[in-house]
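Below: the structure, in structure tokens.
The values are calculated or read from the model by the stated rules, or taken from the named source; none is laboratory data. Keep in mind that this is a model prediction, so the values were computed, not measured. Using ideal geometry, Cβ is built from the backbone for each residue, glycine included, and neighbour counts are taken over all protein chains shown. The area values use the complete protein model at the heavy-atom level, side chains included, leaving out ligands, DNA and RNA. Shrake-Rupley method; radii C 1.70, N 1.55, O 1.52, S 1.80 Å.
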Amino acid sequence: MADVVGTGWLYEAGIGEERAALVENGIILEALIEAEGEGARTGAIHAARLAEILPGKKAGLIVLDTGEEALIDPLPIGVTEGGNLFARITRSAIPEPGRPKRAKARHVEKADAARPAPSLRERLEATGIAVTELAAHGPDRLEEAGWSELLEQAATGAIPFPGGALRIDPTPAMTVVDVDGALPPADLAVAGARAAGEAIRRLGIGGSTVIDLPSLEAKAARQAAAEAFDAALPQPFERTAVNGFGLLQIVRKRAGPSILERVRYDAAATAARTLLRTAERTAGAGTRTLTAHPAVIAGIEAVPDWLPQLARRQGADIALVANPSLALWRGHVSAAYPG
């Protein structure tokens with residue numbers, strides 16, 4: 001990885017998605033992806049219609065002005081089924097196997113008229129940390145900091161650390177992190193808790209997470225593991241103590257899908273946008289040929305504007321080749337006349 005001193009956001013406005021990473025001394029601390037066409041985004045206010053009051057009458061199903069469905073909780077006072085309202089998105093939709101989780105919303109007064117969510121760039125600038133916008137013709141500083149490695153870790157769930165490894169698996173109810181390694185239990189618990197905190201931050205994992213550390217009888221060892229976790233993951237979050245079985249549960253705000261969920265549950269589309277990023281940075285002259293799994297090629301073809309954007313940015317014709325023998329993440333790009 002590049003030895004870049006200092007801390008700052010690296011930002012790219014790519015084809016089909018914006019991406020950013022908070023990098024400190026050449027290492028990605030935190031990564032963000034915002035893909036186009038994902039629907040209602042956290043912070044947006046939409047005009048909506050109350051389509052259904054759900055059983056129990058504490059929450060409801062609304063239809064936004066975009067046609068997207070969302071859950072509203074609590075129900076707005078004085079609005080009946082079929083009534084109009086304004087709703088602020090508190091969590092965007094989450095991809096899952098089968099049907100995605102709907103976005104969540106809260107009622108706002110009409111005085112807060114409909115407005116879009118802050119853009120990714122605006123949110124980065126609001127942190128007060130320097131933002132560097134990257135161009136495809138410049139050095140690939142995201143890659144130098146480990147962007148491809150980050151996506152591979154999200155795809156496999158396997159994250160090594162000195163003395164052991166994490167195995168991260170998202171489920172509909174929670175994310176489960178298993179810690180394994182050859183270190184003595186107390187040392188492994190501290191190292192694993194630290195690595196888990198860093199991974200949760202880096203991959204943007206929110207909601208409920210359970211970390212399975214080694215069983216620890218000594219209270220001091222359990223406390224040391226908890227303190228290592230606290231040092232690795234910035235607030236805000238809530239957590240339990242580490243119990244004797246080595247279990248630690250964390251609850252963290254969830255504003256949208258994590259990179260883990262994007263790569264696992266929206267894999268073909270995410271791989272398609274990643275391949276377009278590679279194509280933007282492929283040197284040479286003449287036609288650029290993108291070769292990938294048929295699902296990735298279909299994902300690119302499904303958005304009519306993506307290939308024209310790539311052709312304009314590269315100043316070259318674009319060709320697509322579907323190869324079913326390639327894994328989703330093993331697509332590649334070649335130039336007719338390599339640079």
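Structure values in brief
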| read-out | value |
| --- | --- |
| Cα centroid separation, the stretch 79-118 to the stretch 196-239 (Å) | 31 Å |
| FRET E, pair ALA113, ALA51, Förster distance 22 Å, beta-carbon r, rounded to 0.05 | 0.55 |
| Longest to shortest principal axis, alpha-carbon extents of the stretch 116-268, angstrom | 54, 31, 30 |
| From phi via Karplus (6.51, -1.76, 1.60), per-residue ³J(HN,Hα) for the stretch 262-277 in Hz, x at Gly/Pro | 4, 6, 7, 9, 10, 5, 5, 5, 5, 5, 5, 5, 5, 5, 4, 4 |
| Full-extension gain in nm, GLU36 to GLN235, via 0.36 nm per residue minus C-alpha separation | 68.8 nm |
| As computed over the stretch 1-68, the Cα convex hull volume per residue (Å³) | 140 Å³ |
| Beta bridge orientation in the stretch 215-339: antiparallel %, DSSP, nearest 5 | 60 percent |
| Projected label distance in nm at TYR337 and ALA319, using a 7 Å step from Cα toward the beta-carbon | 1.6 nm |
| Heavy-atom surface of the stretch 96-247, accessible at 1.4 Å and reported per residue (Å²) | 52 Å² |
| Vicinal HN-Hα couplings computed from phi for the stretch 50-62 (Karplus, 6.51 cos²θ - 1.76 cosθ + 1.60; Hz; Gly/Pro x) | 6, 8, 7, 8, 6, x, x, 6, 10, 9, x, 9, 10 |
| Total lysine pairs under 17 Å (Cα atoms) in the chain, excluding pairs fewer than 8 apart on one chain | 4 |
| Protection proxy ranking of 192-201, 321-330 - average other beta-carbon atoms within 10 Å, highest first | 192-201, 321-330 |
| Compactness of the stretch 221-266 - radius of gyration and Dmax, Cα, Å | 13.2, 39 |
| Inter-probe distance in nm under a simple model that places probes 7 Å from Cα toward Cβ, at VAL131 and GLU96 | 3.2 nm |
| Rh (Kirkwood; distinct C-alpha pairs) - the stretch 196-242, Å | 11.4 Å |
| Built amide H within the under 5 Å cut-off of ILE28, gap 5+ | none |
| Normalised convex hull volume, the chain, alpha-carbon set, Å³ per residue | 164 Å³ |
| Heavy-atom accessible area ranking, 1.4 Å probe, most first, across THR80, THR209 | THR80, THR209 |
| Area accessible to solvent at LEU54, 1.4 Å probe radius, in Å² | 50 Å² |
| Share antiparallel - DSSP beta bridges, the stretch 58-157, percent rounded to 5 | 75 percent |
| Interchain or long-range residues, amide H under 5 Å from GLY14's placed H | ARG19 |
| Surface/4 estimate of mean projected area, convex hull on alpha-carbon atoms of the stretch 38-178, nm² | 12.6 nm² |
| q = 0.16, 0.30 Å⁻¹, the stretch 291-339: log10 I(q)/I(0) [Debye, one scatterer per Cα] | -0.48, -1.15 |
| Structure-based [θ]222 nm, the chain - -39500 (n - 2.57) summed over DSSP H runs of at least 4, per residue, nearest 500 | -8000 deg cm²/dmol |
| Distance (nanometres) between label positions extended 7 Å along Cα→Cβ at LEU247 and GLU217 | 2.1 nm |
| ³J(HN,Hα), Karplus 6.51/-1.76/1.60, whole Hz, each residue of the stretch 70-78, x for Gly, Pro | 8, 9, 10, 8, x, 5, x, 5, x |
